[in-house]
Amino acid sequence: MAKSHPLTDWFKSVGVELHPSLYLKHDALTGLSVYAATPLPPDTTVVTVPASLCITSEVAYEQVCRLLSRAGATSLPQHSELPVPDWILLYLVLCRIAIEHASSTNAFPSDLLPHLTYVAHIPKCIPTPLHFSPTEYAMLANTPLQGSTERRLAETIVDFHRASSCILPHILKLSQTGLQDLVEQIQAAFEPIEETRQDKLMTTTWHAGLEMWRWAESAFTSRAFPSSLIGITVPAASVASNSNGSSAFTSPTSNPILIPAYDAFNHARAHPVTWTHIPAPSTHPDTAAPHAVGSTTVPESRRATGRVQMTLNYAVDPADSQVFNNYGGKSNEEFLSAYGFVLPTTTEDTLALKIGTQVQSDADADAHDDKKGTGSTTFYWPATSASDAASSSDQPIELSGGDGKPFVPARCPCPGLIEQLGAELRRQPASLSSSPLIQLEEYANVIEVLESLLLAKRKQFRASQKQVDSIEALQETDFRPEVARSPTSSVRKPVFEAVQQYRLGQLEILNQAVKWARGELERLADALEDDDDEDQE
């Protein structure tokens, strides 16, 4: 029989069906993890979750309103007052406050905020860049994560202000109830932020409510699944924006949601699984799970129905091995940004580049765009294998006169970048002839520009890498928020190692890109030289 745990006990009490062999155990690297007491063959269904247990934006909104109503609110916010994902973040924050309140008073109605046990087992410290100390953040220099983290830090302040403006007016009007102590804690958490010029991103200034909001965002982005898994699709215009980094499971017809129990399984590559939505029979209502009661705010078409189950397409062997989910192919940049971990591989990594005054990281280009007021396109140069680098394009360039051997460009891992560079160069005043030789020289010019820009980028990256490598005093600590916000700007060993692995992938791709450009230039030089020899004959 599987070992008992408070979280698995709660799962069973709310209708989650776990394979009888599964149990939870804390792992030094992956935290609370799912294990199998016995070997499991492929095609084993390991978990089935009632769709109504899942936390959608509508469910979160309803639970927030129930709490306010129970506390004596005479008016309630409208769902349209916050972006779709922010109701889930607000609900998570209120659960955190209630958990801390209950731990000190042991007095919290069990029928309110029904996901408390689930939220209580989400790690309180999730090492995404939102929680980096200033020195840890500086280690992201000359990477795309530098700019995206700065944007997300700024956006969390805006989002928190908006959530505070949404809920505080209703909190301040509450009548005296048995929840008064909890109400006061909520009010204190959502007090306005007093920003300072010295710390506009609030990375060293402590604000408990903002810190919980950032925790909620990290919890959400690291655990989100697509709403289509529970039979909910939404119009394309209603899909949540990508500002909070939850795009991993957002599609044109799906919003990210939380699926308790599904997110207990850690990710691993090469461990295929199948996610299946099983619709509820029309004659059989969905089995119960925490859902807002007596609410008419959500159309029936947007209600979660049926069940969602996960089936392993691999064998778990031997006994007492960890059981993994699979979130699909993602780069370490995505993992570090949204999940707070990286994998010991660089094969899925990409390098984000934009064309401005130079080939830049995503962060550098955004700064350039902001100053110029113009937009630009991001191109992704993927990690490549030796066989990929050696392949050829299917678009040969004929040499002058058409009598020479066609020049076949090497297949570029990022063809859109080459096309955009060519388009930028064609905007120069000098007119270009349509003769084949001029076309070849134009292509050579594009590759020369690409090489010079990549070299400049690599030089900047290597300079910042020296700064990262010089860090010596690492803290062997847990991911506690008070450590991450320490004015001493300490660097935690797990963060240092994760960022170093991420930077390793970025440098490898830069080196691959430079090598590709140089190899292409050598081939072009030979082709142009051969053509000159033919002309002289």
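Of the residues 74, 143, only one is farther than 29 Å from residue 234 by Cβ, of a type in the set (S, T, N, Q) and modelled with pLDDT under 95; which?
After applying the criteria, what remains is 74.
Taking the condition at pLDDT below 80 and either surrounded by fewer than 18 Cβ atoms within 10 Å (Cβ to Cβ) or not in a strand (DSSP E or B) (or both), does residue 241 pass? Steps first, please.
Values: at pLDDT below 80: yes; either surrounded by fewer than 18 Cβ atoms within 10 Å (Cβ to Cβ) or not in a strand (DSSP E or B) (or both): yes.
It is true that residue 241 is at pLDDT below 80 and either surrounded by fewer than 18 Cβ atoms within 10 Å (Cβ to Cβ) or not in a strand (DSSP E or B) (or both).
If only one of 89, 113, 94 is out of contact with any Phe, Trp or Tyr (no Cβ under 9 Å at 6 or more places or on another chain) and either on the phi > 0 side of the Ramachandran plot or assigned to a helix (DSSP H, G or I) (or both), which one is it?
94
Among the listed residues 199, 181, 159, identify the single one that is in contact with a Phe, Trp or Tyr (Cβ under 8 Å, 6 or more places away or on another chain) and charged (D, E, K, R).
159
If you take the residues of the stretch 250-265 that are part of a loop (DSSP other than H, G, I, E, B) and at pLDDT 80 or above, which of them is nearest to residue 87 (Cα to Cα)?
255
Somewhere in the stretch 492-510, is a residue touching a strand residue (DSSP E or B) at 6+ places or on another chain (Cβ under 9 Å), hydroxyl-bearing (Ser, Thr, Tyr) and either modelled with pLDDT under 95 or within 20 Å of residue 127 (Cβ to Cβ) (or both)?
Checked against the condition, which is being touching a strand residue (DSSP E or B) at 6+ places or on another chain (Cβ under 9 Å), hydroxyl-bearing (Ser, Thr, Tyr) and either modelled with pLDDT under 95 or within 20 Å of residue 127 (Cβ to Cβ) (or both), the stretch 492-510 yields no hits at all.
With the requirement that a residue be of a type in the set (Gly, Ala, Ser) and at pLDDT 95 or above, what does the stretch 149-180 give you? Before you say what the answer is, go through the steps one by one.
First, pick out the residues of the stretch 149-180 that are of a type in the set (Gly, Ala, Ser): 154, 163-165, 175, 178.
Hits for the stretch 149-180 are 154, 163, 164, 165.
Under 9 Å by Cβ, and 6 or more places apart or on different chains, what pairs join a residue from the stretch 503-520 that is in a helix (DSSP H, G or I) with one that is β-branched (Val, Ile, Thr) and surrounded by fewer than 16 Cβ atoms within 10 Å (Cβ to Cβ)?
Within 9 Å, the pairs are 505/345; 505/347.
Got a number for residues in the stretch 119-145 being in contact with a helix residue (DSSP H, G or I) (Cβ under 7 Å, 6 or more places away or on another chain), within 23 Å of residue 193 (Cβ to Cβ) and not in a loop (DSSP other than H, G, I, E, B)?
Number satisfying all stated conditions: 5.
Do we find that residue 224 is closer than 17 Å to residue 275 by Cβ, aliphatic (A, V, I, L, M), buried (at least 23 other Cβ atoms within 10 Å of the Cβ) and at pLDDT 75 or above in this structure?
yes
Given (1) at pLDDT below 95; (2) aromatic (Phe, Trp, Tyr); (3) surrounded by 15 or more Cβ atoms within 10 Å (Cβ to Cβ), where does residue 213 come up short, assuming only one miss?
Here residue 213 meets the rest and fails (1).
Examine the stretch 188-206 for a residue that is in contact with a strand residue (DSSP E or B) (Cβ under 8 Å, 6 or more places away or on another chain) and either modelled with pLDDT under 95 or more than 29 Å from residue 456 (Cβ to Cβ) (or both), and state whether such a residue exists.
Taking the stretch 188-206 first, the residues in contact with a strand residue (DSSP E or B) (Cβ under 8 Å, 6 or more places away or on another chain) are 205.
Cutting the leftovers down to either modelled with pLDDT under 95 or more than 29 Å from residue 456 (Cβ to Cβ) (or both) gives us 205.
Taking every residue of the stretch 188-206 in turn, at least one turns out to be in contact with a strand residue (DSSP E or B) (Cβ under 8 Å, 6 or more places away or on another chain) and either modelled with pLDDT under 95 or more than 29 Å from residue 456 (Cβ to Cβ) (or both).
What pairs come out if I take residues in the stretch 107-126 that are in contact (Cβ under 8 Å) with a residue 12 or more places away in the chain and under 26 Å from residue 336 (Cα atoms) and pair them with residues that are basic (Lys, Arg) and outside any loop (DSSP other than H, G, I, E, B) whose C-beta lies under 9 Å away, six or more apart or interchain?
119/96; 120/96; 122/96; 122/223; 124/96
Just for the stretch 463-491: of the residues that are among the aliphatic types (A, V, I, L, M) and surrounded by 12 or more Cβ atoms within 10 Å (Cβ to Cβ), which one is modelled with the highest pLDDT? Working first, answer last.
Here is the first cut: in the stretch 463-491, the ones among the aliphatic types (A, V, I, L, M) are 463, 468, 471, 473-474, 483-484, 491.
Going one step further and asking which of them are surrounded by 12 or more Cβ atoms within 10 Å (Cβ to Cβ), we end up with 468, 471, 474, 483-484, 491.
Numbers: 468: 97, 471: 92, 474: 87, 483: 49, 484: 49, 491: 91.
Here the residue is 468.
Do any strands (runs of 3 or more DSSP E) lying entirely in the stretch 322-417 carry at least 3 residues that are closer than 21 Å to residue 464 by Cβ and modelled with pLDDT under 60, and which ones are they?
Values: elements: 350-355, 359-361, 378-382.
In the stretch 322-417, the matching strands (runs of 3 or more DSSP E) lie at 359-361.
The values are calculated or read from the model by the stated rules, or taken from the named source; none is laboratory data. These figures come from a predicted structure and were not determined experimentally. Here Cβ is always computed from backbone atoms with ideal geometry, including for glycine, and neighbour counts include all displayed protein chains.
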